[in-house]
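First the structure, in the form of structure tokens, and then the observations on it.
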């Protein structure tokens, strides 16, 4: 079973609501994978007829990930984690050549988010 970023985000949100069946998640994953494959084939054949830089396609992936991020921000800890991770990514991109900043920021951000959430849970008296 495959999963795209979009189908994962949709499925995780629906499972949290509690009214989502694994078959529905599978249907979403298959539809997303079919659309991905069909779009790749169509783009391979028809993409040569589209002028480079038209339609702002170069910004589409960044915009998609920003939308996925915004819908995951459900409180201060999540917003702080996203903000700090973004700052780490920009700083690391300026200091390190290549694309290693993506992995560095992801690891630091995930660890920071976990630590902040755990600290907040302990402070509130919840089991960690």
- Query: Is it the case that residue 60 is at pLDDT 90 or above, assigned to a helix (DSSP H, G or I) and within 20 Å of the chain's Cα centre (by Cα)?
  - Reply: no
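Go over the candidates 116, 68 one by one and state the one that is under 27 Å from residue 17 (Cβ atoms), surrounded by 12 or more Cβ atoms within 10 Å (Cβ to Cβ) and in the same structural domain as residue 12 (by TED's automatic domain parsing).
Values: 116 fails: in the same structural domain as residue 12 (by TED's automatic domain parsing).
Within the list 116, 68, the selection yields 68.
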- Message: Can you tell me how many residues within region 9-24 are in a helix (DSSP H, G or I) and surrounded by 12 or more Cβ atoms within 10 Å (Cβ to Cβ)?
- Response: 8
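The values are calculated or read from the model by the stated rules, or taken from the named source; none is laboratory data. Fair warning: this is a prediction, and the values are worked out from it, not measured in the lab. Positions of Cβ are generated from backbone atoms using ideal geometry, with glycine treated the same way; all protein chains shown enter the neighbour counts.
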